[in-house]
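Participant: Dropping the structure in here first, questions after.
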Amino acid sequence: MMQAVILAAGRGRRLDPVSNGTPKCLVRVGGESLIERQLKILQHLGIDRIVVVVGYQHEKIRAVVGDRCDCIFNKRYDETNSLYSLWLAQHWVTGSFALMNCDVLAHIDIYQRVVAAHGCALAFDSSSGVDDEDMKVSVRDKIVHALGKELQADRVDGENVGVLKFDRIGARLLFQEVDWLIRSGAEQDWAPAAVDRLARRVPIRAVDIAGLPWTEIDFPSDLQVAAQDTLPAIMLHGSSWLDRKTTPHAVSALPAQGPTGANGAAMPARDLP
């Protein structure tokens, strides 16, 4: 059975002007936090073995996710990056798994296409990838050839969405690359650094999702785009799995209420060392 890893340890300082220090994954779009939307999608796809790698204000995140997933605490979240968070999850992953960044708002079809792909897969948008901040993807014959923010323009075929899947063999080899990078001192690298190395060893299918609504939320302007454009487009494309009480243009940086027990108290997340 497939597992899922959500990387959510960072603070998201660039959102501070509108988030007031709220963890990025708890920023709400349409009345629901990003992490809750991702958990809902995974559960809809039948993936209920989920771990969230937390760090900054981890107690707040645990209160929101409740018992819907496990949590791994990256106590070095302020001095490491997503590669290190992924490294912490290596012993939790036992087979094939989906890998997700917590700051992505995307249509469920993007996740479905990646999960349904044979072997290892990565979602990319062929209509994007020109900005300096974009995690760029080079593709040959529908297979990922290279991945990185510094790819030369003539090699760029699109932008990495932040939704990936690895089969059992790919997962094992990915964590070999993660471990090698960490032991080489790359604790501040992004997780795609390991995916880039993996692409030299196994084929990673490049799933082009151009035309489907999605956005990565790094800056206050991204949050506005998510509320005014991306979420309405997601709903327009048809998403019966969404809570119909969602208000498309509502934006909030306040944490959402987590699951509650019979007495109304928040249910704790399952914590892992």
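Only the coordinates and a few stated rules stand behind these numbers; no lab work does. Quick caveat, the model's predicted, so the values are computed rather than measured. Cβ: placed from backbone, ideal geometry, glycine included. Neighbour counts: every protein chain shown.
Participant: Rounded to the nearest 5, what % of DSSP beta bridges with both residues in the chain are antiparallel?
Facilitator: Around 50 percent antiparallel, to the nearest 5.
Participant: Over region 1-136, what is the mean sequence separation of C-alpha contacts under 8 Å (at least six apart), divided by residue count, expressed as relative contact order in percent?
Facilitator: Reported as a whole number, the value is 32 percent.
Participant: Sum up the charges of everything whose Cβ sits under 11 Å from the Cβ of residue 133, counting Lys and Arg as +1 and Asp and Glu as -1, but leave residue 133 out.
Facilitator: -4
Participant: Sorting 120, 69 on the 10 Å Cβ count, fewest up front, what's the list?
Facilitator: Placing the least packed residue first, the sequence is 69, 120.
Participant: May I pose another question? Normalised by the number of residues in the chain, what is the relative contact order in percent for Cα pairs under 8 Å and 6+ residues apart?
Facilitator: 30
Participant: Indicate the gyration tensor shape class of region 31-147 (rounded, prolate or oblate), computed on the Cα atoms with a ≥ b ≥ c the square roots of the eigenvalues: a/c under 1.5 is rounded; otherwise a/b larger than b/c is prolate and the rest oblate.
Facilitator: Because a/c hits 1.5 or more and a/b exceeds b/c, region 31-147 counts as prolate.
Participant: Shape of region 52-117 from its Cα gyration tensor (a ≥ b ≥ c, root eigenvalues): rounded if a/c is under 1.5, otherwise prolate when a/b > b/c, or oblate?
Facilitator: The shape class here is prolate.
Participant: In region 1-55, what % of DSSP beta bridges are antiparallel (nearest 5)?
Facilitator: Here the antiparallel bridges make up roughly 25 percent for region 1-55.
Participant: Now for a different question. Once you list every other residue whose beta carbon is under 10 Å from the beta carbon of residue 147, what net charge do they have if Lys and Arg are +1 and Asp and Glu are -1?
Facilitator: +2
Participant: If you take the square roots of the eigenvalues of the alpha-carbon gyration tensor of region 76-220 and sort them as a ≥ b ≥ c, do you get rounded (a/c under 1.5), prolate (a/b over b/c) or oblate?
Facilitator: Rounded, since a/c falls under 1.5.
Participant: Once Rg/Rh (Cα atoms, Kirkwood Rh) is worked out from the coordinates, which option in [x] 1.22; [y] 1.04; [z] 0.94 does it equal?
Facilitator: Among [x] 1.22; [y] 1.04; [z] 0.94, the one derived from this structure is [z].
Participant: What is the Cα convex hull volume of region 1-40 when expressed per residue in Å³?
Facilitator: About 64 Å³ per residue, rounded to a whole number.
Participant: Pop out the ³J(HN,Hα) list for region 72-89 in order, Karplus 6.51 cos²θ - 1.76 cosθ + 1.60 with θ = phi - 60°, rounded to Hz; leave Gly and Pro as x.
Facilitator: My calculation for region 72-89 gives 10, 9, 8, 5, 9, 4, 7, 10, 10, 9, 5, 4, 5, 4, 5, 4, 5, 8 Hz in order.
Participant: Where is the GNM fluctuation largest for the chain (alpha-carbon springs, 10 angstrom cutoff): 152, 90, 224?
Facilitator: With Cα springs under 10 Å in the chain, the top fluctuation among 152, 90, 224 is at 152.
Participant: If a paramagnetic tag sat 7 Å from the Cα of residue 59 along the Cα-Cβ line, which residues of region 66-96 would have the backbone N under 19 Å from that point?
Facilitator: Output list for this probe position: 66-67, 71-78.
Participant: Find the cysteines in the chain that fail to meet the 4.7 Å Cβ criterion with every other cysteine, and list them.
Facilitator: 69, 71, 120
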